[in-house]
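The values are calculated or read from the model by the stated rules, or taken from the named source; none is laboratory data. Quick caveat, the model's predicted, so the values are computed rather than measured. Positions of Cβ are backbone-derived with ideal geometry, glycine not excepted, and every protein chain shown enters the neighbour counts. The accessibility values were calculated without ligands, DNA or RNA, using every heavy atom of the protein model including side chains. Shrake-Rupley method; radii C 1.70, N 1.55, O 1.52, S 1.80 Å.
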Amino acid sequence: MTARVVGSLFVTATAAGVVSAATQGTTRGVMVFVMAVAIAFIAPTLFPVLKPHGEGLAMGYVVARTLEVVFLMSAIAPLAHVHTDEVWGHAGAIYFCVSVGLLNVLLFRSRLVPRWISVWALIAVVPYLAGAVLVLLGVLSQTQAGALFVPLALNEMVLAGWLLVKGFRQSPGVSPAASGRA
């Protein structure tokens, strides 16, 4: 059950992110809000599954995703007529990259999903991070950096699909409730 919930949240967050990137104004703000809410629920839902495989890393994942949500929410403040710098919205991508690294190190170590999914994410996060930093520095526009984001976006959808269809693999010595199969 936990795996399906997490898979659904990943799909929701990614779909809302794609729509928000293609729209403007209120629609963009609503989609960023939907994405932030989905992201806000991913980490605490995964925490009990990840904790037996590295409590510190699992808590780091929760913190990084929480900070990502804080930065995303600041990006929609203009809808409430509050002026924020564009940097706040893009800075959330840095925390997203940290969370990707933490999550996929834990997934790799625990073998809760096939290792190739985790390795793909750990490789794909590098160009994503480079693109996010280049956008923050004003070297690239969001549109120009888009191609750098695609490999990780595809990986996240493969992970979501795996979780929706197969769930988490049972780890030796971990109860079904802790692995998300309960």
Taking the stretch 17-29 on its own, how many of its residues are assigned to a helix (DSSP H, G or I) and open to solvent by less than 70 Å² (accessible area, probe 1.4 Å)? 5
The stretch 71-104, residues that are open to solvent by 60 Å² or more (accessible area, probe 1.4 Å), among the aliphatic types (A, V, I, L, M) and either at pLDDT 95 or above or in contact with a helix residue (DSSP H, G or I) (Cβ under 8 Å, 6 or more places away or on another chain) (or both): Met73, Leu79, Val87, Val98
Does Ala36 satisfy the criteria of being part of a helix (DSSP H, G or I) and open to solvent by 50 Å² or more (accessible area, probe 1.4 Å)? no
Out of Arg109, Arg65, sole residue that is of a type in the set (D, E, K, R), modelled with pLDDT of 85 or more, in contact with a helix residue (DSSP H, G or I) (Cβ under 9 Å, 6 or more places away or on another chain) and surrounded by 19 or more Cβ atoms within 10 Å (Cβ to Cβ): Arg65
